[in-house]
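Here's the structure, in structure tokens; my notes come after.
The values are calculated or read from the model by the stated rules, or taken from the named source; none is laboratory data. Note that the coordinates shown come from a computational prediction; the quantities given were computed from them, not determined experimentally. Every residue, glycine among them, receives a Cβ derived from its backbone with ideal geometry; neighbour counts consider all protein chains shown. For accessibility, only protein heavy atoms count, side chains too; no ligands or nucleic acids. Shrake-Rupley method; radii C 1.70, N 1.55, O 1.52, S 1.80 Å.
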Amino acid sequence: MVVEEGERMGSLFEELEAREAAARVRVEELEAELAELSGRLEVAREGLERLRITRATVAEVLAEMDPQVSVAAAGAGQSPAGERAVSAYAGAERQVIGVLTVPNWQPGMMPDVLPSVYRDIVEVVADAPGPVRAKQIVPRIGLPAETGKIEGTRSKLKRLVERGWLDEDTPGMFTPARRRSDASPNSS
């Protein structure tokens, strides 16, 4: 009977080890699922924040374009004090179509052709010791480090990349553009 009891103890430990291994595999699977869901949640939160910022920006632009619409009314449906926002563009001609505020970089162009905020961004990136992120640039151009300002600056950085003023070799990391030769843009 001693042999039989030893065999049961051995098989009991083997069973416990097998169950522990299965539990470890399940924990690893759940951790992987959690990491994937956390990533998806962050992407969804970023999308939500961008939509919120876009809605607020559109409300501001509409309020500036139409002096009869208050900023609050455009954004939330009504003005808190019933006041009308005075547009900086009231009475101005608004038929300008196709204006390119950030020109495509051409050989010989200097940053002084850019609108001031874009020029400031290009100068900050040029003065940085290495690649910089939007959240590092925002305080250096005099803006508060708020999500909306960071997102706005990120879109300006992307526009500067599209137009040849900056490079983005790593997503979210911006550097001065490596100047292309005078070869055509289609040549390698």
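Among the residues in the stretch 102-122, are any out of contact with any strand residue (DSSP E or B) (no Cβ under 6 Å at 6 or more places or on another chain), at positive phi, exposed (fewer than 15 other Cβ atoms within 10 Å of the Cβ) and of a type outside the set (Asp, Glu)?
Yes, because at least one residue in the stretch 102-122 is out of contact with any strand residue (DSSP E or B) (no Cβ under 6 Å at 6 or more places or on another chain), at positive phi, exposed (fewer than 15 other Cβ atoms within 10 Å of the Cβ) and of a type outside the set (Asp, Glu).
Can you spot a residue in the stretch 132-146 that is modelled with pLDDT under 90 and open to solvent by 70 Å² or more (accessible area, probe 1.4 Å)? Yes, the stretch 132-146 contains at least one residue that is modelled with pLDDT under 90 and open to solvent by 70 Å² or more (accessible area, probe 1.4 Å). Within the stretch 25-62, the set of residues being in contact (Cβ under 8 Å) with a residue 12 or more places away in the chain, open to solvent by less than 70 Å² (accessible area, probe 1.4 Å) and not β-branched (Val, Ile, Thr) comprises GLU49, ALA56, ALA59. How many residues, within the stretch 162-175, are within 22 Å of MET109 (Cβ to Cβ) and surrounded by fewer than 15 Cβ atoms within 10 Å (Cβ to Cβ)? Of the residues in the stretch 162-175, 2 are within 22 Å of MET109 (Cβ to Cβ) and surrounded by fewer than 15 Cβ atoms within 10 Å (Cβ to Cβ). Checked against the criterion of being at pLDDT 90 or above and either closer than 25 Å to GLU49 by Cα or in a loop (DSSP other than H, G, I, E, B) (or both), the stretch 178-187 has no qualifying residue. Residues of the stretch 147-158 that are surrounded by 15 or more Cβ atoms within 10 Å (Cβ to Cβ) and small (Gly, Ala, Ser): GLY148, GLY152. Annotation note: Cβ proximity below 7 Å between a residue of the stretch 130-155 that is more than 18 Å from THR175 (Cα to Cα) and a residue that is open to solvent by 30 Å² or more (accessible area, probe 1.4 Å) and in a loop (DSSP other than H, G, I, E, B) (sequence gap 6+ or interchain) occurs for LYS149/LEU143. Given the criteria modelled with pLDDT under 90 and open to solvent by less than 60 Å² (accessible area, probe 1.4 Å), does ALA74 qualify? It is true that ALA74 is modelled with pLDDT under 90 and open to solvent by less than 60 Å² (accessible area, probe 1.4 Å).
Among the residues of the stretch 158-179, those identified as touching a helix residue (DSSP H, G or I) at 6+ places or on another chain (Cβ under 6 Å), within 23 Å of THR57 (Cβ to Cβ) and touching a residue at least 24 places away in the same chain (Cβ under 8 Å) are TRP165, LEU166, PHE174.
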